[in-house]
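Single-structure report; data block below.
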Amino acid sequence: MRGWWRLSWSAARPKALDSGRFLSMFPSHCSLWLGSRWSIIQSPLAEEYLREEKPRGSAGGLYSFRDYILEDNPSHIFLLNCDVCCSFPLAEMLDAHKIYGGMGTVLVIKVSAESAHQFGELVADPITKELLHYTEKPETFVSELINCGVYVFTPAIFAAIQDVFMQRRGKAELRRVTSFEALQSATKSIPADYVRLDQDILSPLAGKKELYTYETLDFWEQIKTPGMSLKCSALYLHQFRYTSTHLLASGNDTKRASITGDVYIHPSAKVHPTAKIGPNVSISANARIGAGARLISCIILDDVEILENAVVIHAIVGWKSSIGKWSRVQGGGDYNAKLGVTILGESVAVEDEVVVINSIVLPNKTLNGSVQEEIIL
């Protein structure tokens, strides 16, 4: 079952945000619909959690909460897939969408012809930017333009989803089936209220002057493995150079740790001056980094303690975990591999002089011996 977070704040535009499931946004008020794996940062939010009673598809799930979404009479609705990482140019998309005058605008990006088949490929008019053709993960090459999983719609999207419901129900009522077909449909057919945004909405409406595209020239990645979280963290830290330089740490004096590259350190974290941090490191609230520790390409979550001379490379260290003296927690750095990075779950204790390589450790475990390429349950 899919869960939905509804988060709202009174602001004309959102500040910094992580990728989420659904966002509805309008001039004086914003409501954000998120998958439970993601959160908003640097925004005062009121949270509500909604849960689907059953799977309804990406568009069907949105439709099931239509009354809730429309209760404040939004002029536009943003939809954000939870498994993408990008700069989310929402303001620019909205401006372009208003000029196009259609029902929806899709964020797109150009990729190599070799990788395009892994995504939804589309063809757009080079002048008007109208979406002319859309195919989800085609077997043959269609275009270098792909769907980024970020959309802006008018409330008319709900009428389009309802039309799919009505068409399916009408066909079901008109068509007589044999007993064998009825048995097969019970296990294989798509329910009338299960609507996919890509195949059931985008493809049929392409070329009807309802959908348009906005191309981003910035970064974009799809998050399909745990290791991609590290790559995406590096992309966002790099973006801070241009958008939020005050968030990046510096080590310009002897009282601070040595900083290399892009590094974020929460103000409440304590880092020993002899530690060396970076590049591509994020240290969260109340973390404690000991003397001589070395951190490279890693995410350190809240309340983590890393003791003297420990090394953490290509790893994600979960909340309240601890890494002992002279221990080494390291991944190979292959972000697409199943065990390409090392992940410690919540409250994992790695004792002194223990080496953990390319492994995933579930929460509340204590490691008193070295492990390599293992999943510790």
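All of the numbers you see were taken from the coordinates with simple rules; none came from a lab. Model, not experiment: these values are computed from the prediction. Backbone-built Cβ (ideal geometry, glycine too); neighbour counts: all protein chains shown.
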Exercise. Using the Karplus equation 6.51 cos²θ - 1.76 cosθ + 1.60 (θ = phi - 60°), what ³J(HN,Hα) coupling, rounded to whole Hz, does each residue of region 148-163 give in order, writing x for Gly and Pro?
Worked result: 8, x, 10, 9, 10, 10, 8, x, 5, 4, 5, 5, 5, 5, 5, 4
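At 4 °C and 1.567 mPa s, grab the translational diffusion coefficient of region 300-367 from Stokes-Einstein with a Kirkwood Rh over Cα pairs, rounded to a whole number in µm² per second. If you can, show how the numbers build up before the last one.
Working: Rh = 11.4 Å.
The diffusion coefficient I find is 114 µm²/s.
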For this session: May I ask which residue of Val354, Ile299, Leu339 lies farthest towards the positive end of the charge dipole of region 241-377, with charges of +1 (Lys, Arg) and -1 (Asp, Glu) on Cβ and the Cα centre as origin?
Result: Ile299
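What is the sum of charges, Lys and Arg at +1 and Asp and Glu at -1, for the other residues whose Cβ falls under 12 Å from the Cβ of Glu136? List each step's numbers first, then the result.
Working: positive: Lys137, Arg196; negative: Glu121, Glu139, Asp198, Asp200.
Net charge in that neighbourhood comes out at -2.
Rank by packing, highest mean first: peptides 69-76, 102-109, with packing defined as the count of other Cβ atoms within 10 Å averaged across residues. Walk me through the numbers before you get to the answer.
Details: 69-76: 14.2, 102-109: 24.4.
Final packing ranking: 102-109, 69-76.
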Problem set entry | Centre separation in Å (Cα based) which lies between region 204-278 and region 319-377 | 23
Seminar exercise, completed: chymotrypsin sites (Phe, Trp or Tyr not before Pro) in region 290-353 lying in a DSSP loop, each with at most 16 other Cβ atoms within 10 Å of its Cβ, come to Trp326
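Order of 293-306, 205-218 by packing, highest average Cβ count within 10 Å first? Walk me through the numbers before you get to the answer.
Numbers: 293-306: 22.9, 205-218: 17.9.
Ranking the peptides 293-306, 205-218 by packing returns 293-306, 205-218.
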Exercise. Trypsin sites (Lys or Arg not before Pro), restricted to region 224-289: which are DSSP loop and have at most 13 other Cβ atoms within 10 Å?
Worked result: Lys224, Lys255
For this session: Please grab the % of Cα pairs in region 231-377 that end up more than 27 Å from each other.
Result: 15
Exercise. So, in nm, how far is label Ser75 from label Glu144 when the simple model puts each one 7 Å beyond its Cα toward the Cβ?
Worked result: 3.6
For this session: Would you mind getting me the FRET efficiency between Ser370 and Ser268? Use the beta-carbon distance for r and R0 = 30 Å, nearest 0.05.
Result: 0.40
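Convert 10 °C to kelvin, take the viscosity as 1.306 mPa s, use the Kirkwood radius over C-alpha pairs of region 204-272 as Rh, and evaluate the Stokes-Einstein diffusion coefficient in µm²/s, rounded to a whole number.
Numbers: Rh = 15.5 Å.
In µm²/s, the coefficient is 102.
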